[in-house]
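The values are calculated or read from the model by the stated rules, or taken from the named source; none is laboratory data. Treat the numbers as computed from the prediction; the structure is a model and nothing was measured. Note that we place each Cβ from the backbone using ideal geometry, even for glycine, and neighbour counts take in every protein chain shown.
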Amino acid sequence: MHRAPLLTRLRRHVPSDAVEAEHLQRMIEFVERENECFERSLARGHLTGSAFIIDEGRTHALLLHHAKLERWLQPGGYADGDQDLHAVALREAREETGLASIQPLGEAIFDVDVHAIPARAGTPAHWHYDVRYLFEADQSAPLRGNRESKGLAWRELGVIGMSGEESLARMARKVLARFGERFVAG
């Protein structure tokens, strides 16, 4: 069963709050039920891999302004059949930021999120079952976005942690809890 390694990692993941626990349960049920869960062609939803990239000082995260969704998000994208979502997250992060030297901060799942994607021309509304991993990059390295984003920016974790975008805020709070608050929010 090609889904077994992911299911093992998902079952080992410890959610940080009740919302993430609900997302985790939904994701496990989805992966158990859907043999084609790694394929974008599965119209009702599919797995994606994302990278929450923090700087070496553990004070900022790199976000991109998503062109289609018009929101600031972490880099990430479709699995497109790849069952290694950690590799998917790293590949997408490199493609969307232009950074070559992104380093993983472990192989374990960092966060999970299930969110609705609105319908667009030719694509019905569907669900993204997003598996997120934690990475590190040099904040002084030059950034080069691609057509999927309108911009890239390093944002303070404290500011992200208080933002209205709960999914991003949860990840920022996790980093701050893991590494300690080493900043003064501005």
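Counting just the residues of segment 16-34 that are of a type outside the set (D, E, K, R) and surrounded by fewer than 16 Cβ atoms within 10 Å (Cβ to Cβ), which one comes out farthest from MET171 (Cα to Cα)?
Kept after step one, since they are of a type outside the set (D, E, K, R), are these residues of segment 16-34: 16, 18-19, 21, 23-25, 27-28, 30-31.
From the residues that got through so far, the ones that are surrounded by fewer than 16 Cβ atoms within 10 Å (Cβ to Cβ) too are 16, 18-19, 21, 25.
Numbers: SER16: 9, ALA18: 14, VAL19: 12, ALA21: 14, GLN25: 18 Å.
Top of the filtered list is GLN25.
Applying the condition of being closer than 17 Å to VAL88 by Cα and in contact (Cβ under 8 Å) with a residue 60 or more places away in the chain to segment 6-15 and asking which residue is surrounded by the fewest Cβ atoms within 10 Å (Cβ to Cβ) yields ARG9.
Output the residues belonging to segment 18-39 that are part of a loop (DSSP other than H, G, I, E, B) and either modelled with pLDDT under 95 or hydrophobic (A, V, I, L, M, F, W, C) (or both). CYS37, PHE38, listed by residue number. Looking only at residues in segment 68-94 that are under 14 Å from LEU152 (Cβ atoms) and among the small types (Gly, Ala, Ser), the one that is surrounded by the most Cβ atoms within 10 Å (Cβ to Cβ) is ALA93. Against the condition more than 17 Å from GLY161 (Cα to Cα) and either within 15 Å of the chain's Cα centre (by Cα) or surrounded by 12 or more Cβ atoms within 10 Å (Cβ to Cβ) (or both), how does ARG3 come out, does it pass? The answer is yes for ARG3.
If the condition is being loosely packed, with under 11 Cβ neighbours inside 10 Å, in contact with a strand residue (DSSP E or B) (Cβ under 9 Å, 6 or more places away or on another chain) and assigned to a strand (DSSP E or B), then segment 95-150 contributes only ALA116.
Somewhere in segment 53-69, is a residue of a type in the set (Val, Ile, Thr), closer than 19 Å to LEU168 by Cα and not in a loop (DSSP other than H, G, I, E, B)? Break it down stepwise before answering.
Taking segment 53-69 as the starting set, the residues that turn out to be of a type in the set (Val, Ile, Thr) are 53-54, 59.
Applying the additional criterion that residues be closer than 19 Å to LEU168 by Cα yields 53-54, 59.
Filter once more, so that each one left must be not in a loop (DSSP other than H, G, I, E, B): 53-54.
Within segment 53-69, one or more residues are of a type in the set (Val, Ile, Thr), closer than 19 Å to LEU168 by Cα and not in a loop (DSSP other than H, G, I, E, B).
Listed by first and then second residue, the pairs with beta-carbon distance under 8 Å, at least 6 apart or on different chains, first residue in segment 82-96 and over 20 Å from LEU10 (Cβ atoms), second surrounded by fewer than 17 Cβ atoms within 10 Å (Cβ to Cβ), are ARG94/ALA100; GLU95/ASN146; GLU96/ASN146; GLU96/GLU148.
Tell me which residues, restricted to segment 151-177, are at pLDDT below 90 and not in a strand (DSSP E or B).
Looking only at segment 151-177, we keep the residues that are at pLDDT below 90, and these are 151, 161-165.
If the condition is that a residue be at pLDDT below 90 and not in a strand (DSSP E or B), then GLY161, MET162, SER163, GLY164, GLU165 are the ones that fit.
Residue-wise test of (1) within 13 Å of ILE54 (Cα to Cα); (2) in contact with a helix residue (DSSP H, G or I) (Cβ under 8 Å, 6 or more places away or on another chain).
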position: HIS128; (1), (2): no, no
position: GLN139; (1), (2): yes, no
position: ARG173; (1), (2): yes, yes
position: ARG178; (1), (2): yes, no
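Taking the criterion of being closer than 27 Å to VAL19 by Cα and touching a Ser or Thr at 6+ places or on another chain (Cβ under 9 Å), would at least one residue in segment 134-152 satisfy it? No, segment 134-152 contains no residue that is closer than 27 Å to VAL19 by Cα and touching a Ser or Thr at 6+ places or on another chain (Cβ under 9 Å).
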